[in-house]
Amino acid sequence: MKIAITVWGNRVSPVFDAAGTLFVAHIKNRMIIKKSYTSFNPEMPSDLIKLLKKMQVSVLICGAISTKPADLIVENDIKLISFVTGNALKLLDNFAQKQTIEKTFMMPGCSKQYC
């Protein structure tokens, strides 16, 4: 499985619309095989979809996200896990092992696993 996390420095970008970097990881047998960074323009969600499809990313993890890009991502069969916060490397390690997002990585006010 390949996942992408929108990042700002070493943290999950708090707002998708302000992110400009994807942290992409290939996970196999609950282990991180490869990690890389790539730039993207959050104002062009259709270009992001093309990039994610080209990279074979099946899951996008991000902070807060507007409805329009969120709908576009989901409509293109990419699992969206939003309203996530914290250190991107710790999140990635945790997600690789457990295949889920723990509540400690969810933004304040999020009572569900994925808001």
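Only one of the numbered conditions (1) modelled with pLDDT of 95 or more; (2) among the β-branched types (V, I, T); (3) in contact with a Phe, Trp or Tyr (Cβ under 8 Å, 6 or more places away or on another chain) is violated by I78, and that is (3).
The residue of the stretch 68-98 that is nearest to I3 (Cα to Cα), among those that are touching a residue at least 40 places away in the same chain (Cβ under 8 Å) and assigned to a strand (DSSP E or B), is V84. Specify the residue that is nearest to I101 (Cα to Cα); the eligible residues are those in the stretch 3-49 that are among the hydroxyl-bearing types (S, T, Y) and assigned to a strand (DSSP E or B). In this case the residue turns out to be T6. Picking from residues in the stretch 53-67 that are out of contact with any Leu (no Cβ under 6 Å at 6 or more places or on another chain) and not in a loop (DSSP other than H, G, I, E, B), the one that is surrounded by the most Cβ atoms within 10 Å (Cβ to Cβ) is I61. Quick check, is T21 hydroxyl-bearing (S, T, Y) and over 20 Å from K68 (Cα atoms)? Answer is no for this residue.
The values are calculated or read from the model by the stated rules, or taken from the named source; none is laboratory data. Model, not experiment: these values are computed from the prediction. Glycine also receives a Cβ, built like all others from the backbone with ideal geometry; neighbour counts cover every protein chain displayed.
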